[in-house]
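A.B. asks: Take this structure first; my questions come after.
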Amino acid sequence: MAADIRYARSGDVHIAYGVEGDGPIDVVFVPGFVSNVEYLFSDEGRTGGKYLLRRLATFARVIAFDKRGTGLSDRSTGIAPLDVRMDDVRAVMDAAGSERAALVGMSEGGPMSILFAATFPERTQSLLLYGSFASFVVRADHPWMPTLEERAKTRALIDEFWGTGQVLATFMPAEQRTPEAIALLAAGERGSASPGAVDQLMEMNEQIDVRAVLPTIAVPTMVVHATGDETVPVECGRYLAEHIPGARFVPIDRNSHGTLEADAKSEAWLDEYEEFVTGVRPARPVDRVLSTVLFTDIVGSTERAVDVGDAEWKHLLDRHDHVVNHEITRFRGVHVKHTGDGVLARFDGPARAVSCGLAISGAVGNLGIGIRAGVHTGEIELRGDDIGGIGVHIASRVMALAEPNEVLVSRTVRDLVAGSGLSFADRGEHTLKGVPDRWALYAAQN
C-alpha cells in the first residue's frame, strides 16, 4: 500500500491524512495514542497498522490521519479540548471528499469518534471502537483506569524513555518484545511524536470523559476488545457497549492492546465488521489445510561460526541455503522461510518431506555441516506466504528433540508413509512442550 499523503486544514492546524482503496463506502480510521500515517500505510513501523488498513481497504475507501500533535500533522498545537480535536475528523473528511463514513476509533481515538458520531450522526454511517474507553482516568462508575497520580508516573517514564521503543512496547505481550520489535517501535516513537508532544497529548487525554455522551449515540456501533488487555481493561469495552444504545460487544481472546495480528482471531472479527457495515459477510478462502511440515536446524551453529570466523560462516550459510532450496524444490516442497540457521518447508506428501530431510542432511554433510530435522503431518493455517497452527508447532518440537544428523518424525508421518520404502527406528515416547499427551517419535533411516 502506498497512500497519497495530503493535508487538511482544521482551523490553523494542518492535519496529515492518506487515502487508500476504492470501495463503495468510506472508512475513517482514527488512530490511538500516537501514529504516523506513512507508517500506518507502509508498515515501516507497525505490522498491525498495515494489516488492519489493508483489510479494510478490501471493501472500503480508507481514510487515515495523524491526530494534531502527532506524526506528520502539526506538532506544536497546544492543549486542545476534545471537541476541537474531534473537529479534525470533519476537516479530514471534507478534504477527502467524504460526505458520510464508518468511523473506526482505536484506543484514544475512540472518544473522538464517539463525540463525532453523537455530534454528526448524518455524517456517520457506523461506529467501531477497538480497545477503547469512556474515561482516561478512574471515575466512580468507571474504576478500571489509572488515577491521575498513576498517570503522572507514566508521564515521567515517557519523558525518560520515549524514543527507545520501551513505551509502545508496554502495549504488546511480553513474548513479542524481541530486540527487532523494540527497534521498530523505537523508530515508530520517534517518527510519531516528540517527548514534548507526547506530554501534551497525555495532558489532553487526562481530560477525556465521554460517559455522558454514550446514551446519545444513534448510529450502529460495534465494540471490540481484547479480553487480556492490560493497558485498557476489557471492562472499559463492556462499559461502552452497555451504555451505547444497541451496541454489539465482540470480545477477542488476546492479551495485547493496540497490536493487531494477521491471524484467525483478527479475521473473524473483521469479517463480522465487514458484514456489520456492508450487510454482506465475505466468503473466506480456505486457510486451513492438511500438510506435512519440515523443520531443519544447523547443529552447533554458534560454535561453528566462532571457529571459522564471520566471513567463512556467511559463505557456508549461503552454500547451505542453496543446497536446502535445491532439495526442497526437487521433492516438490514449498520453501516457507528461513528460521535463523534452518528452514521451514511444507509438502503435500509426507514421504517427500521425509526424503527431502534425509537428502538435505546428506548434502550439507558434504559441506562439513550437521543438521537436525523434524517432520509432522497435521492441519496448518495458511497466512499469506507464511504458515502457522498446531501442525507447525508440533514439527518444531519434534525437530528440537532430534539428534545431530537425524530426521525425526511423528507417528502420524510414519503411519502415512507405510509402503513407501522408508524405514524408521523407534525413538520412544516424548512430551512435546506446549502440546498435550505423549508422542511416539521415529528416526528416518537412509
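A.B. asks: At ASP83 and ARG190, where each label point lies 7 Å from the Cα along Cα→Cβ, what is the point-to-point distance in nanometres?
C.D. replies: Label-label distance for ASP83 and ARG190, simple model: 4.0 nm.
A.B. asks: Quote the FRET efficiency, to the nearest 0.05, computed for ARG139 versus ASP253 with a Förster distance R0 of 25 Å and r equal to the Cβ-Cβ distance. Write out the running numbers ahead of the final one.
C.D. replies: Values: r = 28 Å, r/R0 = 1.10.
Computed FRET efficiency for ARG139 and ASP253: 0.35.
A.B. asks: Subtracting the Cα-Cα distance from 0.36 nm times the residue separation, let me have the gained length for ASP4 to ARG319 in nm, one decimal. Walk me through the intermediate numbers first.
C.D. replies: Working: separation 315, 0.36 × 315 = 113.40 nm, distance 4.22 nm.
My answer for the length gained is 109.2 nm.
A.B. asks: Also, quick follow-up: Which label marks the calculated value of Cα extents along the principal axes in Å, given the options [x] 74, 48, 42; [y] 61, 49, 46; [z] 67, 63, 47?
C.D. replies: Correct label, based on the coordinates given: [x].
A.B. asks: A follow-up question, please. Would you list SER126, SER76 from fewest to most Cβ contacts within 10 Å? Let's see the in-between values first.
C.D. replies: Numbers: SER126 19, SER76 11.
Fewest-to-most ranking of SER126, SER76: SER76, SER126.
A.B. asks: Nearest 10 degrees is fine. How inclined is helix 350-365 to the longest principal axis of the chain, computing both from alpha carbons?
C.D. replies: The answer is roughly 70 degrees.
A.B. asks: For a label point 7 angstrom out from the Cα of ARG238 toward its Cβ, which stretches of segment 208-227 have the backbone nitrogen within less than 13 Å?
C.D. replies: Of the residues in segment 208-227, 225-227 have backbone N under 13 Å from the label point off ARG238.
A.B. asks: Between THR278 and SER42, how many nm apart are label points set 7 Å from Cα along the C-beta direction?
C.D. replies: If labels sit at THR278 and SER42, their model points lie 2.8 nm apart.
A.B. asks: Please order VAL277, VAL343 by the number of other Cβ within 10 Å, starting at the fewest.
C.D. replies: Working: VAL277 21, VAL343 25.
Sorted ascending by nearby Cβ count, the order is VAL277, VAL343.
A.B. asks: Also, quick follow-up: So if we plug the beta-carbon distance of ALA156 and SER423 into 1/(1 + (r/R0)^6) with R0 = 60 Å, what FRET efficiency do we get, rounded to 0.05? Don't jump to the answer; show the numbers that get you there.
C.D. replies: Values: r = 66 Å, r/R0 = 1.09.
With R0 = 60 Å, the Cβ-Cβ based efficiency is 0.35.
A.B. asks: What percent of all Cα-Cα pairs in segment 288-445 falls into each 10 Å bin, going from 0 up to the bin containing the maximum distance?
C.D. replies: Bin by bin from 0 Å, the calculated values are 11, 43, 34, 11, 1.
A.B. asks: Can you give the net charge of the other residues whose Cβ lies under 9 Å from the Cβ of ARG85, counting K and R as +1 and D and E as -1?
C.D. replies: After counting each charged neighbour, the total is -1.
A.B. asks: With runs of 4+ DSSP H residues as the only contributors, calculate the mean residue ellipticity of the chain at 222 nm using -39,500 (n - 2.57) per run, divided by the residue total and rounded to the nearest 500.
C.D. replies: On the way: 14 runs with 167 residues, N = 446.
Value at 222 nm, helices only: -11500 deg cm²/dmol.
A.B. asks: Also, I was wondering about something else. If amide hydrogens are placed 1.01 Å from N in the peptide plane, which non-local residues have theirs closer than 5 Å to the one on GLY333?
C.D. replies: none
A.B. asks: Something else now. Measure up LYS50/LYS153; LYS314/LYS433; LYS67/LYS153 against 26 Å on the Cα-Cα distance and list the ones that go over.
C.D. replies: Numbers: LYS50/LYS153 31 Å; LYS314/LYS433 32 Å; LYS67/LYS153 24 Å.
Beyond 26 Å between Cα atoms: LYS50/LYS153; LYS314/LYS433.
A.B. asks: Give me the net charge of GLU429's neighbourhood, meaning all other residues with Cβ under 14 Å from the Cβ of GLU429; Lys, Arg count +1, Asp, Glu -1. Don't skip to the answer; put the middle values down first.
C.D. replies: Details: positive: ARG397, ARG411, ARG414, ARG427, ARG438; negative: ASP426, ASP437.
Once all neighbours under 14 Å are counted, the net charge is +3.
A.B. asks: Once a ≥ b ≥ c are taken as the square roots of the eigenvalues of the Cα gyration tensor of segment 1-148, is the result rounded (a/c under 1.5), prolate (a/b larger than b/c) or oblate (a/b not larger than b/c)? Don't skip to the end; give the middle numbers.
C.D. replies: Values: a/c = 1.40, a/b = 1.36, b/c = 1.02.
Rounded is the answer for segment 1-148, as its axis ratio a/c remains below 1.5.
A.B. asks: Also, quick follow-up: Given a cut-off of under 8 Å on Cα pairs at least six residues apart, what relative contact order in percent is computed for the chain? Can you show the working numbers first?
C.D. replies: Working: 927 pairs, mean separation 49.6, N = 446.
Here the relative contact order equals 11 percent.
A.B. asks: Now for a separate question. Any chance you could run the full-extension gain for ASP307 through ASP271? It's 0.36 nm times the residue separation minus the Cα-Cα distance, nm to one decimal.
C.D. replies: The ASP307-ASP271 span can extend by a further 7.7 nm.
A.B. asks: Find how much the distance from THR227 to SER76 grows on full extension, using 0.36 nm per residue of separation minus their present alpha carbon separation; answer in nm with one decimal. Spell out each step's value before the answer.
C.D. replies: Values: separation 151, 0.36 × 151 = 54.36 nm, distance 3.60 nm.
Gain on stretching THR227 to SER76: 50.8 nm.
A.B. asks: Another question, if that's okay. For the pair ALA174 and THR339, how long in nm is the line joining their label points, each one 7 Å along Cα→Cβ?
C.D. replies: According to this spin-label approximation, the distance is 2.4 nm.
A.B. asks: Calculate how steeply helix 195-205 sits against the longest principal axis of the alpha-carbon atoms of the chain, using the helix alpha-carbon long axis, and give the answer as 0 to 90 degrees to the nearest 10.
C.D. replies: For 195-205 against the chain, the angle is about 60 degrees.
A.B. asks: Rounded to whole Hz and in sequence order, give me ³J(HN,Hα) for segment 155-165 from the Karplus expression 6.51 cos²θ - 1.76 cosθ + 1.60, θ = phi - 60°, writing x for Gly and Pro.
C.D. replies: 5, 5, 5, 4, 4, 8, 10, 4, x, 9, x
A.B. asks: Determine the shape class of segment 101-174: with a ≥ b ≥ c the square roots of the Cα gyration tensor eigenvalues, call it rounded for a/c under 1.5, and otherwise prolate if a/b is greater than b/c, oblate otherwise.
C.D. replies: Details: a/c = 2.70, a/b = 1.71, b/c = 1.58.
Verdict is prolate for segment 101-174.
A.B. asks: Hey, what angle do you get for helix 82-95 against the long axis of the chain, alpha-carbon based, 0 to 90 degrees rounded to 10?
C.D. replies: 70 degrees
A.B. asks: Tabulate in residue order the Karplus-calculated ³J(HN,Hα) for segment 208-219, using 6.51 cos²θ - 1.76 cosθ + 1.60 with θ = phi - 60°, rounded to whole Hz; enter x for Gly and Pro.
C.D. replies: After applying 6.51 cos²θ - 1.76 cosθ + 1.60, I find 5, 7, 10, 4, 5, 7, 3, x, 8, 6, 10, 10 Hz.
A.B. asks: Same structure again: If Lys and Arg each add +1 and Asp and Glu each add -1, what is the summed charge of the other residues whose beta carbon sits under 14 Å from the beta carbon of LEU316?
C.D. replies: Numbers: positive: ARG304, LYS314, ARG319; negative: GLU303, ASP307, ASP310, GLU312, ASP318, ASP321, ASP341.
Here the count lands on -4.
A.B. asks: Continuing with this model, one more query. Per residue of segment 387-395, what does 6.51 cos²θ - 1.76 cosθ + 1.60 with θ = phi - 60° give for ³J(HN,Hα)? Whole Hz please, x for Gly and Pro, Karplus curve as stated.
C.D. replies: 9, x, x, 5, x, 5, 4, 5, 4
A short reminder: the numbers here are calculations on the coordinates, not readings from a lab. Predicted, not measured: the structure shown is a model, and the values here were computed from it. Every residue, glycine among them, receives a Cβ derived from its backbone with ideal geometry; neighbour counts consider all protein chains shown.
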